[in-house]
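First up is the structure itself, then whatever we jot down about it.
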Amino acid sequence: MVIVMKPGSTDRNIGEVSKALENLGLGVHISKGSQRTIIGAIGDDRVLENVPLELMDGVEKLVPIVESYKLTSRTFRPESSVINVGGVEIGGKELVLMAGPCAVENREQILKAARAVKKSGAKFLRGGAFKPRTSPYSFQGLEEEGLKLLKEAREETGLLIISEVTSEKTVEIANDYVDMFQVGARNAQNFQLLKSIGQSKKPVLYKRGLSTTINEWLTAAEYIMSEGNYNVVLCERGIRTFETATRNTLDLSSVPVIKNASHLPILVDPSHAAGKSQYVFPLSMAAIAAGSDGLIVEVHPDPMHAMSDAAQQLTPQAFDSLCEKISQLCGIIGREFEYGA
Ligand code: PEP
Ligand code: MN
């Protein structure tokens, strides 16, 4: 249930309604829009059946949330959310690009990648330190050593850092190094992990699972938000289908569907969808045309010798021309992107 407050309702009105809900054992989540405040009552709202909340001062109306996702829904927050990460806004007019190698491999590699992607206009450096590889025999990442290298790259370039976490323990370790957590497709329904990210309050890029429906994805995001962390950005990275020509099938329809169902920003990862670098450019353009708030793209100074995902990583040159084209596309679709640092 959401309680829509009247325009001009006071903090005291909001406080009284919140208190009444808490007394009934419900979780209280407040969304302050430019016009109205909306109070989300989370839990078993059958307890509200005989409580005339609509008579309380400042209350305009009560609206049931019919979807299985609540805090992620547009009913809870009609205005689109803009998530601020270290001064960079995700979900506003400006597109945000995150770029860097699949995995942090060594100092030279990550610093080269960082300098290159910064020069083209990326605001975030990506790089995996804890790699959730399909096989235990594949390179597993440099772990904390990799995070230290990412931190060094931030100090040199000023780029914000995003890196994947795979367990509660890695959330604790990465917390001191990264500006934004990434939850990967393989952990999209690791609910303990989602809860611990919820408790940490650090912004998170939350990827869609290999086979999760949009409904399951938004519902699982509640594990983060119901713990009080509203800094969630979704990421479509392709889903498993019968098609084998690409690594995954990029479900571009999820972008407008999410925009309709949820207030959260959404980015697209064309690299893990395509699996091949040659498809990254067209998928990126299509994603932005479809309304994506930005991209997360794999870029490696020497893709041929990458220790993971070699086939899909762009060279710095290819990333640069992608960025140039994105800035041209922005003029047509009414978005902004500053090509070149
Ligand atoms: C990654 O970003 O390196 C990654 C493993 O992505 P995904 O979780 O989408 O497969
Ligand atoms: Mn990868």
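Pairs linking a residue in segment 266-285 that is not assigned by TED's automatic domain parsing to the domain that holds Ile162 to a residue that is within 11 Å of ligand 1 (Cβ to nearest atom), with Cβ atoms under 9 Å and 6 or more positions apart or on different chains, do not occur. Number of residues in segment 312-337 that are part of a loop (DSSP other than H, G, I, E, B) and of a type outside the set (Lys, Arg) equals 4. Restricted to segment 136-169, and to residues there that are away from ligand 2 (no atom under 14 Å from the Cβ) and hydroxyl-bearing (Ser, Thr, Tyr), the residue that is surrounded by the fewest Cβ atoms within 10 Å (Cβ to Cβ) is Tyr137. Within this structure, Ser9 passes the test of being at pLDDT 95 or above, of a type outside the set (Lys, Arg) and part of a loop (DSSP other than H, G, I, E, B).
What residue, among those in segment 124-135 that are part of a loop (DSSP other than H, G, I, E, B) and open to solvent by less than 70 Å² (accessible area, probe 1.4 Å), is nearest to Thr157 (Cα to Cα)? Lay out the reasoning, then the answer.
The initial filter retains those residues of segment 124-135 that are part of a loop (DSSP other than H, G, I, E, B), namely 127, 129-135.
Next, only the ones that are open to solvent by less than 70 Å² (accessible area, probe 1.4 Å) stay: 127, 129-133, 135.
Values: Gly127: 15, Ala129: 19, Phe130: 22, Lys131: 24, Pro132: 27, Arg133: 29, Ser135: 33 Å.
For segment 124-135, the residue satisfying everything is Gly127.
Here is a check on your reading of the model: is Ala153 within 16 Å of ligand 1 (Cβ to nearest atom) and assigned to a helix (DSSP H, G or I)? Considered against the rule, which asks whether it is within 16 Å of ligand 1 (Cβ to nearest atom) and assigned to a helix (DSSP H, G or I), Ala153 comes out as no. The residues of segment 170-199 that are open to solvent by 40 Å² or more (accessible area, probe 1.4 Å), touching a Ser or Thr at 6+ places or on another chain (Cβ under 9 Å) and more than 14 Å from ligand 1 (Cβ to nearest atom), listed by number, are Glu172, Asn175, Gln192, Lys195.
The number of residues in segment 88-111 being aliphatic (A, V, I, L, M) and either assigned to a strand (DSSP E or B) or in contact with a His (Cβ under 7 Å, 6 or more places away or on another chain) (or both) comes to 7.
Does segment 274-293 include one or more residues that are more than 11 Å from ligand 2 (Cβ to nearest atom), crowded, with 19+ Cβ neighbours inside 10 Å, under 23 Å from Thr244 (Cβ atoms) and among the polar types (S, T, N, Q)? Yes: one or more hits.
Being surrounded by 18 or more Cβ atoms within 10 Å (Cβ to Cβ) and over 23 Å from the mean Cα position of the chain (by Cα) holds for only one residue in Leu26, Leu62, and it is Leu26. For segment 301-341, the set of residues classified as within 19 Å of Thr246 (Cβ to Cβ), within 16 Å of ligand 1 (Cβ to nearest atom) and touching a residue at least 12 places away in the same chain (Cβ under 8 Å) consists of Pro303, Ala306, Ser308, Asp309, Ala311, Gln312, Gln313, Leu314, listed by residue number.
Quick one: how many residues across segment 29-53 are in contact with an Asp or Glu (Cβ under 8 Å, 6 or more places away or on another chain) and open to solvent by 50 Å² or more (accessible area, probe 1.4 Å)? If you could, list the steps in order and put the result at the bottom.
Pass one, segment 29-53, residues in contact with an Asp or Glu (Cβ under 8 Å, 6 or more places away or on another chain): 33-34, 36.
Remaining after also requiring open to solvent by 50 Å² or more (accessible area, probe 1.4 Å): 34, 36.
Residues that pass the stated criteria total 2.
Taking segment 211-250 as the search range and keeping residues that are in a loop (DSSP other than H, G, I, E, B), under 16 Å from the mean Cα position of the chain (by Cα) and of a type outside the set (Ser, Thr, Tyr), which one is surrounded by the fewest Cβ atoms within 10 Å (Cβ to Cβ)? Selected residue: Gly228.
The values are calculated or read from the model by the stated rules, or taken from the named source; none is laboratory data. If you're wondering where the values come from, they're calculated on a predicted model, not measured in any experiment. Methodologically, a virtual Cβ is constructed for each residue, glycine included, from the backbone with ideal geometry; neighbour enumeration extends over all protein chains shown. For accessibility, only protein heavy atoms count, side chains too; no ligands or nucleic acids. Shrake-Rupley method; radii C 1.70, N 1.55, O 1.52, S 1.80 Å.
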